[in-house]
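Before any comments, here is the structure.
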Amino acid sequence: MSIKKKISLYYAVLQYMPDPIRRESINVGIVFHVPELNWSKFESIKNRQRIKSFDDEYDPDYISLMFESFGFEFNSDQLDSYGERFSNINSPTFLEENIRFYVNEFRFLPVEMIESTFQSYLKDIENLRNTFLYYDKPKGERITTSEVKSLMKRQLKFYNFNFKQNKREFYDDFIEDNIFDLANENFAIKALSFDKSRNKNLANELKILMYDLYSNKSDLKDYKILIVVDNSFDVLDLNSSTNRIYQKFKVKLSKEFPNASICSLSKFAENITYQKL
């Protein structure tokens, strides 16, 4: 079978909501499914400290037990005498049929599908992990702006957001590069990376972006401007120089462009899942 043959990669993000009143949740796992391979797998967050800091009543034994049960339910390589739970693993609805029972503190986001190949599906899984389980990413391995851009574009493609028709372009004043990575009649989207190792470059990049936005302010007044940044943005140290740079930029941006917002790649993916762009 050709390694470039197209296959369907289904996935659903697992969220943990310890307090139903507060209704705050954290991504703690993803389950993947490829019908063409009769394969499924659950991957949990490795950084358990993140769950502990999120849940005041964190019980490590309970969390481990739940993750083991998800592994039993979804890891198709763990066939045993109860293997009938995988009897419909070649069905596109396998995940949908099996995640619907989880409705309490552990619950799954709706099943999504991306088009992949035998050659690239493992890389796609890695990208989805980087998108949704970003707390597992070592600090020294923050994704770059180009990776943010690539993941962002793929997410939009996966959810059928069309930026090819009615495409708009907004240029800077000097070398006439397009300011935004994607734009149509409603949205103008820019990808950035908040890499702590390059604060000086980050500050300059934000200054340039702000200048370019000013230069196109009248043309952008009817657009929703989205600035999508890597997921380290969600866990910035409040006392870090990166956070200080971000806060100054955020104040200036919100003051001058009330139609602009900043969000992490993970939140961006969740928003387009629910069509909330």
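For region 18-40, residues that are of a type outside the set (D, E, K, R), at pLDDT 90 or above and out of contact with any Leu (no Cβ under 9 Å at 6 or more places or on another chain) total 4. Among the residues of region 56-87, write down those that are modelled with pLDDT of 90 or more, under 20 Å from ILE7 (Cβ atoms) and in contact with a helix residue (DSSP H, G or I) (Cβ under 8 Å, 6 or more places away or on another chain). Scanning region 56-87 gives a single hit, PHE74. Taking the listed residues TYR121, TYR102, the one that is under 22 Å from ILE7 (Cβ atoms), out of contact with any His (no Cβ under 9 Å at 6 or more places or on another chain) and surrounded by 15 or more Cβ atoms within 10 Å (Cβ to Cβ) is TYR121, with no other qualifying. Taking the criterion of being closer than 16 Å to ARG107 by Cβ and in contact with a helix residue (DSSP H, G or I) (Cβ under 8 Å, 6 or more places away or on another chain), the residues of region 25-41 that qualify are ILE26, ASN27, VAL28, GLY29, ILE30, VAL31. Of the strands (runs of 3 or more DSSP E) that lie entirely inside region 1-55, those containing 1 or more residues that are touching a strand residue (DSSP E or B) at 6+ places or on another chain (Cβ under 7 Å) and aliphatic (A, V, I, L, M) span 6-16, 26-34.
Is it true that ARG107 is modelled with pLDDT under 90, of a type in the set (Lys, Arg) and surrounded by 14 or more Cβ atoms within 10 Å (Cβ to Cβ)? Here the answer is no, as ARG107 does not meet what is asked. Taking the listed residues SER44, SER53, SER69, the one that is of a type in the set (Ser, Thr, Tyr) and either more than 17 Å from PHE106 (Cβ to Cβ) or touching a residue at least 40 places away in the same chain (Cβ under 8 Å) (or both) is SER53, with no other qualifying.
The values are calculated or read from the model by the stated rules, or taken from the named source; none is laboratory data. As the structure is a computational prediction, the values presented were derived from the model and not from experiment. Quick reminder, even Gly has a Cβ in these numbers, built from the backbone with ideal geometry, and neighbours come from all protein chains shown.
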